[in-house]
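These notes concern the structure reproduced below.
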């Protein structure tokens, strides 16, 4: 997805928010905001939203000296999500929804745990809503079909906390298919509240049979040569699934990707419509397939 002028205010706000989480004083906060504005003015207008977001976080690190401003929030998110899973298990009721769809809905509800968008979130209310509302875009039937013949699946994770619900979906993907291996891909370096290998360990991803945790560097080839080894493994998988808006921005033009996320940005909604999807709104839940490259 492309960066628009409407994205600039969000990047400035992200920089200020991250600097405050890093413990910056007012002078440092001012320096961060001015540096971010300077980068946006002088930068390449064709830079992707992800590239610009990484530049913002790099500026925060350089000025504050804090490489992971969101560290404490990620720990809180993991604990908060785990507590909600316990509540869900305690009040589990039989219903007509099949286990895979139920797990998909919980996973996409977990995508609300995001400190990039401006609006605050209510995890409990979001879980309840996502278990009832229809998908704005629903390629779950195609995913089911592909699971019938797939042996390997790459699952690109998004945020800490959210991966607690991803763990539930991983379990269902393994139970309802003949998958021999799932590659669970997390960030190699701290970026916003994205999940790292430590978060995956905390929530027990490594305890799942036939699941391997991989760490991927920033960006994707060819923009990031360091990502090639992991990217090659991802490309060799029969199914590729990416969670979250940031991954949707990154992989929406990539052939044969399932994108699973909640719409939390007007620009994302506009991009989906431009790509031929029906009208989507903030708060809508989406599982969409990017299509197969005919070349």
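The values are calculated or read from the model by the stated rules, or taken from the named source; none is laboratory data. Values in this document were obtained by computation on a predicted structure and should not be read as measured data. Because the Cβ atoms are built from the backbone with ideal geometry, glycine has one as well, and the counts that use them run over all protein chains shown.
A compact table of results
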read-out	value
Region 119-149, residues that are surrounded by fewer than 12 Cβ atoms within 10 Å (Cβ to Cβ) and under 18 Å from the mean Cα position of the chain (by Cα)	119, 120, 122
Residue tally, condition surrounded by fewer than 17 Cβ atoms within 10 Å (Cβ to Cβ) and in contact (Cβ under 8 Å) with a residue 60 or more places away in the chain, over region 190-214	0
Single residue of 99, 120 found to be out of contact with any helix residue (DSSP H, G or I) (no Cβ under 8 Å at 6 or more places or on another chain) and either in the same structural domain as residue 163 (by TED's automatic domain parsing) or at positive phi (or both)	120
Residues being within 23 Å of residue 9 (Cα to Cα) and in contact (Cβ under 8 Å) with a residue 40 or more places away in the chain - total across region 253-283	13
Selection from region 169-182 of residues that are touching a residue at least 60 places away in the same chain (Cβ under 8 Å) and within 16 Å of the chain's Cα centre (by Cα)	169
